[in-house]
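**Student:** Structure incoming, see below.
The values are calculated or read from the model by the stated rules, or taken from the named source; none is laboratory data. Because the structure is a prediction, the values reported are computed rather than measured. Cβ atoms come from the backbone with ideal geometry, glycine included; neighbour counts cover every protein chain shown. Note: areas computed on protein heavy atoms with side chains; ligands, DNA, RNA excluded. Shrake-Rupley method; radii C 1.70, N 1.55, O 1.52, S 1.80 Å.
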Amino acid sequence: MQALSVLARHQLLRRHRPVLIANGAADTLFCPGALGHPCTTATAITQAERGFFPSAASFTAAAIPGAARSRTLSPAAAPATSTIDNWLTTQGA
């Protein structure tokens, strides 16, 4: 959380809606690069990111196999889109 501004931290801590973080499992730019944690599994993403959203109604993490930075533009677009669509459906959207 050190890299986040005070305003950004405040906004994240106040988030009361469901949260989905879908990272590309092959993202080497941010995972483990800038973020400093692996994004290869949903468990790893949850362990690293859940603390940013303590007031979220729910928290879901997904590691999209074969995807890197541009999940929806990569060859892994279908699994990324499917993951997001399924999550939206479970949220009633």
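**Student:** Filtering region 46-67 down to residues that are open to solvent by 40 Å² or more (accessible area, probe 1.4 Å) and closer than 14 Å to residue 22 by Cβ, which residue is modelled with the lowest pLDDT?
**Tutor:** 66
**Student:** From the list 43, 72, pick out the single residue that is modelled with pLDDT of 75 or more and open to solvent by 50 Å² or more (accessible area, probe 1.4 Å).
**Tutor:** Within the list 43, 72, the selection yields 43.
**Student:** Let me ask you something else. Of all residues being outside any helix (DSSP H, G or I), farther than 21 Å from residue 85 by Cα and of a type in the set (A, V, I, L, M) in region 1-25, which is modelled with the lowest pLDDT? Just the residue, please.
**Tutor:** Checked region 1-25; the qualifying residue modelled with the lowest pLDDT is 1.
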